[in-house]
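Shown next, in structure tokens, is the structure this report addresses.
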Amino acid sequence: MNLNKPDIYLYSLSPSIPKSDLVDMVEAMQIQATDHFKPVWGIDIKYHLVDSALDVPSGEWYMILQDTIDLEGANGYHWLDAKGVPVAYVLTKDNANLAVTATHEGLETAMNPYINKVANAKKINGIDGENVDYLVEVSDVTYADYGYFITVSSGKQIKVTDFYYPAFFYGTGIGKNVKYSHTDLPKAPRELVDGGYLSYYDVKGEIWTAIKAEGRVRINKASDKIGVEPQTLQYALIVLTSLLFALLLYFIIKKKKNYEDS
């Protein structure tokens, strides 16, 4: 697999999604990937809409659209299957932002397929010179409430996810005419908007999640019980998803440390 030219195969297990809607959605996903994401990140994603799992070539990355997923409260997530192949799961039932979720998971699967890519940058609320390693998830920063529309060949407008630009993590200050996300919502490096979140680990190896809700950034230690009461279902989704990524990052770090100590 060429990590700079990933193929992602999509199929639906939901009988409630018409094939024409899937065609429109995948067309919007491809337009976003080719015209918007690739020029920024240099990753050339190719989406393939197929009929079933039997049409996914062995070892290729894939996305499953289905009425239920095994992460309660979430609309989608990406992970590794039993063979270590990147896979994304997208909830279809009662998901008013289906294409937003699919583009969110598609871009993040392509950007961080093994969920081990981090960016070393200044801590979101830290002192000068204090850096942490952020998990590189390109759509978590602005999440589902934000996005933009792409017009496909059928004439429909499909809402897709926002995604951040490299300057979001690697920028050192507010720059003139610098974009931090595709919709230009964040106005500074590592600035969260409502509904957005980041997961990171510090120099001690402790894992934290920064979440912004109702105008306030809350930082929770991911290895402890989340101490903030969710105000909405969306907020609960943010906590669950970010914790999922943080736990995987913890095991990756632990495995690496054990290897270095051996």
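The values are calculated or read from the model by the stated rules, or taken from the named source; none is laboratory data. On a predicted model such as this, the values are computed, not experimentally measured, just so you know. FYI the Cβ positions are ideal-geometry reconstructions off the backbone, even for glycines, and counts take in every protein chain you see. Remember, those area values only see protein heavy atoms, side chains included, never the ligands or the DNA or RNA. Shrake-Rupley method; radii C 1.70, N 1.55, O 1.52, S 1.80 Å.
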task: Select from region 3-55 the residues that are of a type in the set (S, T, Y) and in a helix (DSSP H, G or I) and write down the one among them that is surrounded by the most Cβ atoms within 10 Å (Cβ to Cβ).
output: T34
task: Name every residue in region 163-185 that is in contact (Cβ under 8 Å) with a residue 40 or more places away in the chain and not in a loop (DSSP other than H, G, I, E, B), in order of residue number.
output: P166, F169, Y170, S181
- prompt: Going by the structure shown, is Y180 within 18 Å of H36 (Cβ to Cβ), of a type in the set (F, W, Y) and touching a Pro at 6+ places or on another chain (Cβ under 7 Å)?
  reply: yes
- prompt: Identify, please: which residue in region 73-89 is touching a helix residue (DSSP H, G or I) at 6+ places or on another chain (Cβ under 8 Å) and either within 20 Å of Q157 (Cα to Cα) or in a loop (DSSP other than H, G, I, E, B) (or both) and is, among those, modelled with the highest pLDDT?
  reply: N75
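Yes/no per residue for (1) in contact (Cβ under 8 Å) with a residue 60 or more places away in the chain; (2) within 16 Å of T109 (Cα to Cα); (3) of a type outside the set (G, A, S); (4) in contact with a helix residue (DSSP H, G or I) (Cβ under 6 Å, 6 or more places away or on another chain):
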{"residue": "P6", "(1), (2), (3), (4)": "yes, yes, yes, yes"}
{"residue": "L13", "(1), (2), (3), (4)": "no, no, yes, no"}
{"residue": "M29", "(1), (2), (3), (4)": "yes, yes, yes, yes"}
{"residue": "G42", "(1), (2), (3), (4)": "no, yes, no, no"}
{"residue": "A53", "(1), (2), (3), (4)": "no, no, no, no"}
{"residue": "D67", "(1), (2), (3), (4)": "no, no, yes, no"}
query: Can you tell me which residue in region 101-122 is surrounded by the fewest Cβ atoms within 10 Å (Cβ to Cβ), limited to those that are modelled with pLDDT under 95 and of a type in the set (A, V, I, L, M, F, W, C)?
result: A119
message: Suppose we filter region 168-206 for residues that are in contact with a helix residue (DSSP H, G or I) (Cβ under 8 Å, 6 or more places away or on another chain), modelled with pLDDT under 85 and either basic (K, R) or open to solvent by 60 Å² or more (accessible area, probe 1.4 Å) (or both); how many remain?
response: 0
message: Please determine whether any residue of region 221-232 is at pLDDT 60 or above, under 17 Å from K122 (Cβ atoms) and in contact with a strand residue (DSSP E or B) (Cβ under 6 Å, 6 or more places away or on another chain).
response: no
query: From the set of residues in region 132-162 that are in a loop (DSSP other than H, G, I, E, B) and among the polar types (S, T, N, Q), which is most open to solvent (accessible area, probe 1.4 Å)?
result: S153
